[in-house]
Structure formats: structure tokens, C-alpha cells
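See below for the structure under consideration.
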Amino acid sequence: MIIEPLDCRTEDPVGGKARSLASLTQAGFEIPDWFIVTPDDYQLPPLNGLHAVRSSAMSEDGSENSFAGQFDSFLNISPDDVEVHIEKVRQSGTSSHLETYARTREVEMKGRVSVIVQKMVDAKFAGVAFGADPITGERAITIVSAIEGLGEALVSGEIDSENWRISPTGEIEGASKLLTKEQIVEVSHLCRRCNAHFGCPQDIEWAIDQKGRLWLLQSRPITTLAKLPDPSDALTVWDNSNIAESYGGVTSPLTFSFASRIYEHVYREFCKLLKVPRWKIEGHNQVFPQMLGHINGRVYYNLVSWYQVLALLPGFTINRTFMEKMMGVKQPLPDEIIDQIIANNSTSRWRDGIALFKTTLGLVYSYFKLPRQIKGFQHRLNDALRVKVPLSRFSRSELISHYRELEDKLLHRWDAPLVNDFFAMIFYGLLAKNTDDPNAFLRDTGDIISARPPRLIKEMAALVRPHPQLTQTLLSDTPVARKLSEVREHPELNKKLQSYLEEFGDRCLEELKLESPTVLDDPGSLLQSIGTFAAHPPKETVKEPSPKPRGFSQRFLASKARLLIRNRENLRFERTRVFGRVRNIVRELGNRLVADRQLESSDDVFYLTLDEILDSGVTRDLTSLASLRKKEFYNHHQSSSPPDRFNTRGPLYRHREFLPEESHEDTKGDLKGIGACAGIVRGPVRVVTNPREATLQPGEILVATQTDPGWVVLFPAAAGLLVERGSLLSHSAIVARELDLPCVVSLTNITTTLKTGDLVEMNGKTGEVTLLNDEN
């Protein structure tokens, strides 16, 4: 059958090349006369002059596979020979090299081959043009290549061409002997028109006839661009320093959507609290929702957004150094990005002066108001968490209302923790500038609530120790229910255990992940830790007294830093309570969705986003959506993690892989991190990736990627602590100092460099770790 271009319909089985050419013809592009011969029987119309005979297979010229050069094409065919060459093109659809191409690309060949018969152009010049740079990925650039005569020799690679790069403003890069400047711009404009017509960059073939008329011969997508970033897109720097302590490994869509929502609201309110002018905040409205990224299921800081928010505050050049230490960021942003951020936040001198004055007043006011803010925050928190009946008796609408209340009373008013953290960062930074060893002054910060669980574990272990049979039960793989039953036979122990679960039941490994089971859900690791500590009590050591600060400034800074760091850790526990309540709410909402046959399992709720479970999503088929994401996140669990720090440009999906940013660290010699709690320890290490299944032996040094409050069940038995990630103000550092547990954080690749049983010497003051062998 013969199909004329103007009669071609979308559903006609004419192949990708013919379908695109028909669409361009119908849109009025200048294309030589042509028609389509389908795989069926046909009656060839009368022909005059020379023609080109080309393939148009169903799989050809697609968005992912071009099949360029895989089918036969013939030029300058006389009318009498057209039918013969139509058959030759059809037969090329069964060639062995085509089968190899399809098999290599994992492409299924669909249907038979249609054929395009097109009148030849008497070309003076011909060539190709790309609506983007297919090598670098620059979408704003057009590439034009030309030779004399027909373009087939260029496409086949027989003849070298003249090439030009054309910018969006029409500037031409490259010398020209063939085409005039006007002709180069005309070809570039034609290519851009094809881009606009198809909505994606195109690879076109063109010709200029002897009279100077430009013709479009064919157009297809540039298939290499889908996984090629645009180097002109804005640079984004991703870093998981510190945040991996809260969101390590793969994190569910529900948790990420909740965390991202919190960060957006909390830091916007923080800027308001510090009297940052409204016009400045509104000028950064696009920044606050982009402070976190969810990449291959892992959570990262978007450092550019963090620096942009910090630049709203006075003293950015000083504060950013403190922020980097607090967040555990090992490398700052490139200077050109910092300079751009500073330039973007600069206005007129008088306006900057007024903004600086107001923000400084806001800082001073917030500092003196902080004790009152903390009390008010804790009062609001206790009030918001108070419920009269169990959540299991709430209706779906009541659960959603309760969540909204938590948002309004707490998540949108997270003032005390933010202000306290900011001043903890400032005072710690000032203390570090004022002394060589700031950590020495930060022991005994007072009643840090995160230090209570290890102490309670010691107390419970002391009650278990006189009962060898109970100790063995807790250490064995006996079911948790059986262990709890035996604990209940010891009233004093059971009372302490129930008190522990009531106070710290919401604490768990990866406690900020809503999908994480709590200690209350599964107390197995807690019971195991009690049994380990009962069987292997540590040697009593004399706690080294903290040195006394010298001079007024050291005393003042050390005192304020201790207070603020204690507040920081205790307010994190309040955060645990809030997250625990949100966890219970979404679990109950998952139960309601299962009851309403919207989900297959209540755990599937974690594969939805917060908006989707609050009934403001865009799809009603939650079962299919959860199933799709479960498959995606299964693949995330099987894949290796992206680097701790890497750069991207433009959309993440354009990146085939994420390459680590070039490190400026000196990796020679012994391992070196940041000393977080002084003390020299020599002993074997135990590398722990899953603390639920880990048991430490006496004298072992715990090695971990990161720790959160759920890891404290292992701290009592550890002789020292080596952590791959974290900063001086991370949870592991603060609790280690409170327990006087020698600790080094920010040890790059420590969990892969060391293996369980390696003998090391660690120095918690200098941050040095030495791997010992037979010689030393």
C-alpha cells in the first residue's frame, strides 16, 4: 500500500522514520516530495527523476534506539529501479548485523519494514545538524556539519566535514569555507524548529540545492542525551555528612516526604524567628523545599541550598565554617559557588545594613529568650502528644486531624531546637578557636538524656548477673516472648525494664525513619545487650577529670557550649517522641487503608508519600503505586550506595552513575579522623553494620558507619568507638563524651578498611587510628 504524507495517521504501521517525516510534512516543513510503501502489496505511482529509497522500521529512529546504518539505504535511484531497491531495503530487515544490533541493545524487532521513497535533491551542500551537543550534553548549543554534494559520505564517515557550534544568541564557533554565516544560522534555525516540533533535541539531515534552497531530509531524536547531563545546568553538591546518622541506608518514600516537609517549614520559620526580612525569605522560596535529596533511596543534603539559607544570616563567611564542622562537611563548596551566593544576597548598602541590624537584634533577642523558648516548646510538645484514648480507636479522619495538630503546634514552631542548635554551633566554633582541645571541656555537660539508657542497661545487667541461667537465656536465640516471660519472674528487674520501655520505647535504630521498628515493638536487642553486659562486666575505670578553662573567655565559652550541647541532645530526644507519635499515626493509617482494601499490607504505607496517605495525592490506585515503588526500592536495597559526596548538574535521572567528588584529603599513612572524646585504647575491633544482630566481647572497639540513639545498647560494652561519619556535635560524639568513651568520628571508609578482629590503637584526642601488626 502507498501512503501519502498528508494522509498518514499516527496509528498507521509505517515505522518511526516515516511517522516523524509525515508529522513534519503536515506541519509545513520544506521536505522533498516523498511517499511511504508499507509491507503490503502496492502499486507504484509514476515517478520522474532520481529518488532515495530508505527504510522505516517500527523500531527505527525511536527515542532510545536510532538503528542508524543498520538498514540499507539507496540514493540516486532511477524510476525503473525503485521497485528493485524497495525489495532490497525490505530484505535488509533480516540481516545478521541487524539481529546482532537488536540483541546487543536488548531491543525487540517489531513488524516488517516500511520504505520511504523520496525525490533526490541536487545538493550543492549537505550535512547533518544536532539540536544539542551529543558529546557534552549542552542543550543550548546547535552543531552543524556540512560537506560539498550529497551528505551520505558524511553520515558514512567517508569524508570529514566542516563543523560549527552555534550559541542560542547566534554566535558561531568555527571557521567556514563552505557555507555563509547566514546559511549556517538558517540550518541551525531549522534544527531548532525540529526540536520545538518534537519537544526534544533532534538529529537532522539537510541539503541546500544549487539554487540555495534549504531542504529537510529527515529528523530523529538524539538518543544519547537521555543519560547525559547538561554542563551548563546549575551545579548541585550532594553530601550525606551527619544526615546519614539520622537517615542511613535506604529510606522509605514516606519518611523522606515527611523529613523534606519538616526541613522546609522548620528552616523557613527559623529565618523568620531571627528577623530575616520577609523579602529575603520570599526571595528564597524555591530554596527551602530543596534542602534534601532522595537519591537511589538515600537521603542527602543539598549543600547549595543549605549555604543559601545560611547566607540569609549575618556573618555568613564566619558562620559557614562553623556550620561545616557541625554538619561534618569535610570539604566546603567551591569558591565560585560561594561568591555567587554572596552576590545573590547583596543589595544596596543601606538595605543590607538595615537587614543586618534587624537580624542581629533578632539573634540577640533569641539568645536571651532561649530558656523560655525551651520551656514553651516542651509545654507545647507535651500538650500536643496528650491523647485521651489509644490511637487504635481513632477514626481515619481523627488520625489525620491529630497529625495536622502536631504540624501546627510543633513542626511549624520548632523554634527552641533550631535556635539552640544555631548557638551551639556558634559557641562550639568560638571555643574551638580559643583552645586546642575543645572536647576536653565538654565532658560532664550535665544530665544528657541519651546517656541514661546505657546507665540503665548497666543497672539491669547488675540485677541479672547473680542469675546465670537468666543471663544465658538473654544471650541465647530464645524467642523474645520467652525472654520477657523469664524477666517477669524477677520483679525488680521487670520494673526497671518496663520503666525503660515506657521512657525510651520510641527509641530505635534509625529512629527518624518512620518504617523502623521501635524498642517497644522488638526489645530483642535490648535484652541481648543486658545479657552481654551481665556476662562480661567492664573493668571499673577512674574517669579523667575535665580540665579547668583558663581565663574568663574560655570559662564563658566552655560553660555556654556545655549548656547548649546538653540542650541539643535532650531536645533531640523530644524530637524522638514526636517522630514516635507520627510513626504510630501512619501505621494506624496503614491499617485503615488495608481495611478499606486500598493497600495489601499495612507496611505498604511506607511506600507512599505523606500527601498520598493524607488523601491529597493525585492517584486513587494506591495498591499499584505502592507495588511499583516496592520494586524500585528493592532495587535500591540491592544496589551499592552513591558516594558520600558527589556533584550533579540538572535532573538526577540524566546521570548514569554518581562519581565521588575529587577529595583533597591526605589519605597516606594511618587512618585519621576527628577526635571526639580523649582516650588511648588498644584492642581488637568489631565492625558492626546491623546492631540488632551484634554482640560485643570485652575489650572490643566498636566500628560503625554511623550511630543514632538506637545504638546506645552497644555502648556499655565497647572499649572505644570509631565512626565513619558524623561530626563533633553528632549524637555519637556527644554521648561518647558523656560516657567518657574514647571516640573518633569522620573516619573515611573505616568500615571497609578494617575488618572484625583487626588490632588497632586509637587516640580519641588526636583522631589517629593505627592498625597494629606483628612488627608494631
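The values are calculated or read from the model by the stated rules, or taken from the named source; none is laboratory data. As the structure is a prediction and not an experimental result, all values here were calculated from the model. Don't worry about glycine lacking a Cβ; one is built from the backbone with ideal geometry, like all the others, and counts go over all protein chains shown. Each accessible area value is taken on the protein alone, full model and side chains, heavy atoms only, with ligands, DNA and RNA left out. Shrake-Rupley method; radii C 1.70, N 1.55, O 1.52, S 1.80 Å.
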> Regarding Val594, is this residue assigned to a helix (DSSP H, G or I), among the aliphatic types (A, V, I, L, M) and within 27 Å of Arg413 (Cβ to Cβ)?
Replying inline: no
>> With the structure loaded, tell me whether Pro643 is open to solvent by less than 60 Å² (accessible area, probe 1.4 Å) and within 25 Å of Gln706 (Cα to Cα) or whether it fails that test.
In response: yes
>> Can you pull out every residue in segment 1-11 that is without any contact (Cβ under 8 Å) to a residue 12 or more places away in the chain and charged (D, E, K, R)?
In response: Asp7, Arg9, Glu11
>> What's the total number of residues in segment 230-242 that are buried (at least 22 other Cβ atoms within 10 Å of the Cβ) and not in a strand (DSSP E or B)?
In response: 2
>> So in segment 535-558, with the set limited to residues that are assigned to a helix (DSSP H, G or I) and modelled with pLDDT under 90, which one is nearest to Leu509 (Cα to Cα)?
In response: Ala535
> What strands (runs of 3 or more DSSP E) lie completely within segment 109-153 and have 2 or more residues being over 19 Å from Ile184 (Cβ atoms)?
Replying inline: 114-119
> Pairs under 9 Å by beta carbon, first residue closer than 18 Å to Pro334 by Cα in segment 642-653, partner open to solvent by 20 Å² or more (accessible area, probe 1.4 Å) and basic (Lys, Arg), six or more apart or different chains?
Replying inline: Asp644/Lys330; Asp644/Arg725; Arg645/Lys330; Thr648/Arg654; Gly650/Arg139
>> So the check is Cβ under 8 Å with 6+ separation or different chains; which pairs have a first residue in segment 557-576 that's farther than 18 Å from Lys433 by Cα and a second one that's among the aromatic types (Phe, Trp, Tyr)?
In response: Leu571/Phe377; Glu574/Phe377
>> I'm told Ser732 meets every condition in (1) under 27 Å from the mean Cα position of the chain (by Cα); (2) assigned to a loop (DSSP other than H, G, I, E, B) except one. Can you identify the failing condition by its number?
In response: (2)
>> If Glu515 satisfies all but one of (1) among the charged types (D, E, K, R); (2) in a helix (DSSP H, G or I); (3) surrounded by 14 or more Cβ atoms within 10 Å (Cβ to Cβ), what's the number of the condition it fails?
In response: (2)
> Which number in (1) more than 23 Å from Phe646 (Cβ to Cβ); (2) surrounded by fewer than 24 Cβ atoms within 10 Å (Cβ to Cβ); (3) among the hydrophobic types (A, V, I, L, M, F, W, C) marks the one condition that Val713 misses?
Replying inline: (2)
> If you check every pair at least six apart or on different chains, which have Cβ atoms under 6 Å apart with a residue in segment 373-389 that is modelled with pLDDT of 95 or more first and a residue that is part of a helix (DSSP H, G or I) and surrounded by 11 or more Cβ atoms within 10 Å (Cβ to Cβ) second?
Replying inline: none
> Going by the structure shown, is Arg550 surrounded by fewer than 20 Cβ atoms within 10 Å (Cβ to Cβ) and either in contact (Cβ under 8 Å) with a residue 12 or more places away in the chain or charged (D, E, K, R) (or both)?
Replying inline: yes
>> Given the criteria farther than 26 Å from Leu563 by Cα, in contact (Cβ under 8 Å) with a residue 12 or more places away in the chain and open to solvent by less than 30 Å² (accessible area, probe 1.4 Å), does His467 qualify?
In response: no
>> Of the residues Gly151, Gly199, only one is among the small types (Gly, Ala, Ser), without any contact (Cβ under 8 Å) to a residue 12 or more places away in the chain and out of contact with any helix residue (DSSP H, G or I) (no Cβ under 6 Å at 6 or more places or on another chain); which?
In response: Gly199
> Looking at Thr707, Thr695, Thr689, which is the one that is open to solvent by less than 20 Å² (accessible area, probe 1.4 Å), assigned to a loop (DSSP other than H, G, I, E, B) and either closer than 26 Å to Gly764 by Cα or among the aromatic types (Phe, Trp, Tyr) (or both)?
Replying inline: Thr707
> Going by the conditions given, is Glu724 under 23 Å from Ser525 (Cα atoms), over 23 Å from the mean Cα position of the chain (by Cα) and not hydrophobic (A, V, I, L, M, F, W, C)?
Replying inline: no
>> Between Glu700, Glu738, Glu724, Glu661, which is crowded, with 19+ Cβ neighbours inside 10 Å, touching a Lys or Arg at 6+ places or on another chain (Cβ under 6 Å) and among the acidic types (Asp, Glu)?
In response: Glu700
> So which residues in segment 181-218 are among the polar types (S, T, N, Q) and modelled with pLDDT of 95 or more?
Replying inline: Gln183, Ser188, Asn195, Gln202, Gln210
>> Being in a loop (DSSP other than H, G, I, E, B), at pLDDT 95 or above and on the phi < 0 side of the Ramachandran plot is the filter here; which residues of segment 14-35 pass it?
In response: Ala27, Phe29, Glu30, Ile31, Pro32, Asp33
> Is at least one residue of segment 564-583 more than 33 Å from the chain's Cα centre (by Cα) and either open to solvent by 60 Å² or more (accessible area, probe 1.4 Å) or under 27 Å from Pro453 (Cβ atoms) (or both)?
Replying inline: no
